[in-house]
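Visitor: Submitted below is the structure of interest, expressed as structure tokens.
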Amino acid sequence: MAAPDPVADAEARAIHDRILTIDTDVDTGPGFMTAALDPGRISRAQVDLPGMRAGGLDGAFFIVYTAQGRRDADGYAAARLAAEDKFQGIDRMLRAYPREIAQARTAEEARAVHASGRLVALIGMENAYPLGDDVSDVPMWAARGVRYLSITHFGHNQFGASSNASRALGDADTDDGLTDCGADLVRALNAAGIMVDLSHVGRRTGLEALALSKAPVIASHSGARAVYDNPRNLDDAQLQAIAEKGGVAQMVAYRGYVGDVDPEMARAQRMLRERLGLTVGGAMQRASAATLDDYARELARIRAAYPDVTLAQFADHIDHAVKTVGVEHVGLSADFDGGGGLQGWDSAAESFNVTRELLTRGYSEADLAKLWGGNILRVMDAVQAMAQ
Ligand SMILES: [Zn+2]
């Protein structure tokens, strides 16, 4: 890599500082906003408030994430608790640091919070599983500020098929489309002004949800399948369908969806997880702070020791999506603290690198403002306007 030119860098930095930058998929790690992990300080997490400041990342969709489990009363009850726990963590952060970060529910609020010098918190929900057998909780989540909801995560659920069937849960490898309950969900999300999110959703289920939705839909964190063939990514027809509906596809800087992960690196990571007892489901949530610190430190060492998937490869996904559907329908996400990141954008603190890379590739400041937040805020407002 050529040495950065300090003059060009200062210009790029000025552009980065002028635009409102939003990452649309940030998870909260184990113990978030407890003694184990304080996002108000420099932490082991990829996203904390000092890191956002350092990298000029102005806002993020923090995610109420629930892993897929069994579709029975016990499973739904556990999922409801898990979702509540995630939401409470985000809410505690907002209450603990009111001068640092504030929640936004509309584009206008996002811009106002940003103008006040604070970081912008938006809320998304990954996996509709905790809703249970019906969609009566949707207005409650909307009132709490949830602005997008992914129908599925890994594994099929009561609403439809995932892009990744779960063998452990006995899923069939097929996508039978949106269920009746899934159709109810799309209607309920439209009515509540919540964006329907197709990331993690099976191709057929997603296209059926899109066709049924009266409002634009999004993919909150997925790549371009024409650049890297992975079921989590979107093919050109899916990208076009999202764009034609007025929505936006947020390319994701998740190394395993961006390109081939070096097999030796993957092996080293697997061995590390085995050594620390972090392989079974839920192990991360139960691990001690010391174990998680160890894991973060060792992971960084491994990633430095092997050739990694790069920011340039991620930018290839952005280039392809923009060429295919136009700059109005593409955005950026990293899936930080949920497995995301790659060399050059591996934490919020490195967010400026994305702007510099895209400027090098010929994107204008206006393009960057759209990619970094303008598009998702436009869609968020459109979806809420249609609900009223
Ligand atoms: Zn995800």
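The values are calculated or read from the model by the stated rules, or taken from the named source; none is laboratory data. None of these values were measured; they are calculated from a predicted model. We place every Cβ from the backbone using ideal geometry, glycine too, and count neighbours over all the protein chains shown.
Visitor: Please pick out the residue among GLU274, GLU298 that is out of contact with any strand residue (DSSP E or B) (no Cβ under 8 Å at 6 or more places or on another chain), exposed (fewer than 15 other Cβ atoms within 10 Å of the Cβ) and of a type in the set (Asp, Glu).
Guide: Checking each option against the conditions leaves just GLU274.
Visitor: Another question, if that's okay. Does ALA215 satisfy being of a type in the set (Gly, Ala, Ser), away from the ligand (no atom under 16 Å from the Cβ) and at pLDDT 95 or above?
Guide: So ALA215 fits the description; yes.
Visitor: While we're on this one: Identify all residues within region 218-248 that are within 14 Å of the ligand (Cβ to nearest atom) and either among the aromatic types (Phe, Trp, Tyr) or buried (at least 24 other Cβ atoms within 10 Å of the Cβ) (or both); write none if there are none.
Guide: Scanning region 218-248 gives ILE218, ALA219, SER220, HIS221, SER222, GLY223, ASN233, LEU234.
Visitor: Which numbered condition trips up ARG80, out of (1) among the basic types (Lys, Arg); (2) under 26 Å from ASP293 (Cβ atoms); (3) surrounded by fewer than 21 Cβ atoms within 10 Å (Cβ to Cβ)?
Guide: (2)
Visitor: Any residue in region 247-269 that's assigned to a helix (DSSP H, G or I): show its pairings with residues that are of a type in the set (S, T, N, Q) at Cβ separation under 6 Å, as long as the two are six or more apart or on different chains.
Guide: Here the result reads TYR257/ASN230; TYR257/ASN233; VAL258/GLN313, each pair linking region 247-269 to a residue that is of a type in the set (S, T, N, Q).
Visitor: Could you give me the residue pairs with C-beta distances under 8 Å whose first residue belongs to region 198-214 and is within 10 Å of HIS153 (Cα to Cα), whose second residue is of a type in the set (Lys, Arg) wherever it lies, and which are 6+ apart or on separate chains?
Guide: SER199/ARG232; HIS200/ARG232
Visitor: In region 64-116, how many residues are assigned to a helix (DSSP H, G or I), of a type in the set (Lys, Arg) and without any contact (Cβ under 8 Å) to a residue 60 or more places away in the chain?
Guide: So the answer is 4.
Visitor: Can you name every residue in region 117-132 that is away from the ligand (no atom under 16 Å from the Cβ) and either assigned to a helix (DSSP H, G or I) or closer than 19 Å to VAL201 by Cβ (or both)?
Guide: Those that are away from the ligand (no atom under 16 Å from the Cβ) and either assigned to a helix (DSSP H, G or I) or closer than 19 Å to VAL201 by Cβ (or both): LEU131, GLY132.
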